[in-house]
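Novice: Just passing along the structure, written as structure tokens.
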Amino acid sequence: MIKLFNYCVTDIVVKNLEEILDKEYTEITKEEFEGLLHEYKHDSENEYLWSDEDENVICSLDFGNPATSGTTNCFYKINDLGIYIAEDNNRCEYFYYGDIGDTSQFIDYYLNYCTINNEFIIKSIYKLTWYDESDDCYKAVKDFIKEYTDDEDGKDLIEFHGNDLSCLNQKIQEFVNDFETEDFKIGTYLGNSIYKIKKKLYYLTDDSYVFNTEYHWYLKEVGEKCYEYFEKY
């Protein structure tokens with residue numbers, strides 16, 4: 001890394017600038033430098049400058065909501081600069097997310113981009129696509145999942161079986177005799193949809209399935225940590 005005017009610049013960029021201008025980087029003028037800035041990538045605060053070759057993608061996250069459907073924002077580390085950088089496709093900008101090895105901003109800000117609270121982490125943490133599982137960010141996410149995963153589920157189990165045209169919400173309405181309620185799903189917790197039925201919380205187990213019109217739905221009561229989460233949020 002080399003300090004060039006107001007930027008911390010990678011060696012690859014410096015070498016490229018020297019080749020284009022045919023001079024040592026110490027001889028490059030500010031005007032020449034600023035004239036070539038558009039050839040490279042920089043963060044929103046204009047402190048770092050790097051090239052595509054410098055980027056090492058760690059993971060990506062598809063926000064998956066109507067406003068940003070299909071928008072994947074990648075999280076990178078730039079080894080030569082010693083920093084994490086993430087792109088925001090909606091704003092066409094790159095943002096600094098701390099020094100390599102410090103995962104606090106990855107957890108507290110990158111994963112919270114849409115909702116600005118723990119709900120987004122809980123909701124979408126399993127939608128991360130990982131490209132580098134050796135980075136500290138991967139371990140940080142695994143530790144987060146471990147922290148919020150219940151040691152054991154609750155005692156209740158509700159089952160729905162049939163071979164007719166139906167949906168889970170309709171069956172829950174029939175079960176509680178409440179046809180005025182539109183949706184029993186109250187949110188998502190660590191990748192699982194959570195349903196509130198008669199003041200208790202349930203998640204749809206992996207054993208549940210639908211084949212043609214045949215359905216087998218198993219709703220298991222959640223554990224203590226999940227209850228605490230929804231009481232808080």
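The values are calculated or read from the model by the stated rules, or taken from the named source; none is laboratory data. Predicted, not measured: the structure shown is a model, and the values here were computed from it. Please note: Cβ atoms are built from the backbone with ideal geometry, for glycine as well, and neighbour counts cover all protein chains shown. For accessibility, only protein heavy atoms count, side chains too; no ligands or nucleic acids. Shrake-Rupley method; radii C 1.70, N 1.55, O 1.52, S 1.80 Å.
Novice: Contour minus end-to-end for residue 39 and residue 210, with contour as 0.36 nm per residue of separation and end-to-end as the Cα-Cα distance?
Specialist: That works out to 56.4 nm of additional length.
Novice: Compute the Rg/Rh shape ratio of the range 161-206: radius of gyration over Kirkwood radius, all on alpha-carbon atoms.
Specialist: With Rh from the inverse mean 1/r over Cα pairs, Rg/Rh is 0.97.
Novice: Rank 10, 205 by accessible area, highest first, at a 1.4 Å probe radius?
Specialist: Sorted by accessible area, descending: 205, 10.
Novice: Can you tell me which of 47, 159, 180 moves the most in a GNM of the chain? Springs connect C-alpha atoms under 10 Å apart.
Specialist: Result for the chain, Cα springs under 10 Å: 180 fluctuates most.
Novice: Further question: Leaving out ligands, DNA and RNA but keeping every protein chain, what accessible area does residue 59 have, in Å² rounded to the nearest 10, with a 1.4 Å probe?
Specialist: Probe radius 1.4 Å; accessible area of residue 59 about 0 Å².
Novice: Along the positive direction of the dipole of the range 144-233 (beta-carbon charges: Lys, Arg +1; Asp, Glu -1; about the Cα centre), which of 157, 233, 184 reaches farthest?
Specialist: It is 233, whose Cα lies furthest towards the positive end.
Novice: Set the Förster distance to 41 Å, then compute FRET efficiency between residue 183 and residue 136 from the Cβ-Cβ distance, nearest 0.05.
Specialist: 0.60
Novice: When Lys and Arg each count +1 and Asp and Glu each count -1, what net charge do the other residues less than 11 Å away from residue 171, Cβ to Cβ, add up to?
Specialist: Neighbourhood net charge equals -3.
Novice: Can you give me the distance in nm between label points at residue 27 and residue 46, each placed 7 Å from the Cα along the Cα-to-Cβ direction?
Specialist: 2.7 nm
Novice: Run through the range 144-229 and list the chymotrypsin sites (Phe, Trp or Tyr not before Pro) located in a DSSP loop whose Cβ has at most 15 other Cβ atoms within 10 Å.
Specialist: Here the chymotrypsin sites (Phe, Trp or Tyr not before Pro) that fit, given the DSSP loop and packing criteria, are 179.
Novice: Could I ask something else about it? Between residue 5 and residue 227, with labels modelled 7 Å along Cα→Cβ, what's the label distance in nm to one decimal, could you check?
Specialist: Once both label points are built, they end up 6.1 nm from each other.
Novice: Something else now. Using the charge dipole of the chain (Lys, Arg: +1 at Cβ; Asp, Glu: -1 at Cβ; taken about the Cα centre), state which of 166, 38, 48 has its Cα farthest towards the positive end.
Specialist: It is 166.
Novice: Specify which residue in the list 95, 112, 223 is farthest towards the positive end of the charge dipole of the chain, using unit charges on the beta carbon of Lys, Arg (+1) and Asp, Glu (-1), about the Cα centre.
Specialist: Ranked along the dipole, the leading option is 223.
Novice: Give the shape of the range 175-233 as rounded, prolate or oblate, defined through the alpha-carbon gyration tensor: a ≥ b ≥ c are the square roots of its eigenvalues, a/c under 1.5 means rounded, and otherwise the shape is prolate if a/b is larger than b/c and oblate if not.
Specialist: oblate
Novice: For residue 109 and residue 155, FRET efficiency with R0 = 35 Å and r from the beta-carbon atoms, rounded to 0.05?
Specialist: That pair, residue 155 with residue 109, gives E of 0.40.
Novice: Can I ask one more? If you wrap a convex hull around the Cα atoms of the chain, how much volume per residue is inside, in Å³?
Specialist: 154 Å³
Novice: If the cut-off is a Cα-Cα distance under 19 Å, which aspartates and glutamates reach residue 198, setting aside same-chain residues fewer than 8 apart in sequence?
Specialist: Those aspartates and glutamates meeting the cut-off are 153, 156, 159, 174, 178, 180, 182, 183, 221, 224, 228, 231.
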